[in-house]
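Note sheet for the following structure.
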Amino acid sequence: MNKAGKSVKIALVKAPAAKPAAKPTAAKPIPLKAAPAAADDAPVIALNLPMAKLTPAMTSYFKKCQEKLGFIPNVLVAYAFDMTKLETFVAMYNDLMLGESGLSKLEREMIAVAVSSQNRCYYCLTAHGAAVRQYSRDPLLGEHMVMNYRVARLSKRQRAMLDFAVKLTASPWSVEEADRERLRRGGFSDRDIWDISAVAGFFNMSNRVASATDMRPNSVYHGQAR
């Protein structure tokens, strides 16, 4: 019935004969677009520690970070309440991660991530996971380091290095000469063993400070080198 109360006839249309099924074709891949990074987490840390006046050296360093990276890493902002602590942290970090060493910069970042994965440190996994992706140009390796370095296709040298760093993190009292000897057989010098230990020790400290203060990474790290 229509609104006027008159009946309406509906014509039935005969469906066309079914066509033979088409041969299946390979599905075309759907292009994936990188999701925009989320807004920076705020505040940087959960403690109320106002930033102090930067020294000339740290003013210059922050400017260099901005020019080279495009942003100031939040860990530097977190330490900036005390210039002595900030300058000490920067000097130690740069010496361990960027200074002369028998370890490549990628290997040092791999140690940072393997240790941070053991400690489940959100800040360092995010920031240094991005560094592994950048240095290696291999996003998959970065994910392996974050999730479980044991699933990665590593060389014997790299596996020995990370096994040592993680053991030093999880049960430092159990490290013995056999562990150091395994590193030597993997091609590491005694100086290299010192550097592996120093990088692992530094990130164990950094992980704990980051976790204790709920330090939040810059969101830009999430999308880097994907």
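The values are calculated or read from the model by the stated rules, or taken from the named source; none is laboratory data. Model, not experiment: these values are computed from the prediction. For neighbour counting, all protein chains shown are included, and Cβ atoms are generated from backbone atoms with ideal geometry for every residue, glycine included. Protein only, heavy atoms only, side chains kept; ligands, DNA and RNA dropped before computing areas. Shrake-Rupley method; radii C 1.70, N 1.55, O 1.52, S 1.80 Å.
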(message) At 7 Å along Cα-to-Cβ for each site, give me the label-to-label distance between residue 67 and residue 208 in nm.
(response) 3.7
(message) Under the 0.36 nm per residue contour assumption, what length would be gained going from the current alpha-carbon distance of residue 49 and residue 219 to full extension?
(response) 59.1 nm
(request) Note the full-extension length gain between residue 60 and residue 178 as 0.36 nm times their separation in residues minus their Cα-Cα distance, in nm to one decimal. (result) 38.0 nm
(request) On the full set of protein chains, 1.4 Å probe, figure out the accessible area of residue 72 and give it in Å² to the nearest 10. (result) 30
(request) Could you work out how far the C-alpha centroid of segment 91-129 sits from that of segment 149-226, in angstrom? (result) 7
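Can you compute the FRET efficiency between residue 167 and residue 143 using 1/(1 + (r/R0)^6), with r the Cβ-Cβ distance and R0 = 22 Å? Round to the nearest 0.05.
Efficiency for this residue pair is about 0.45.
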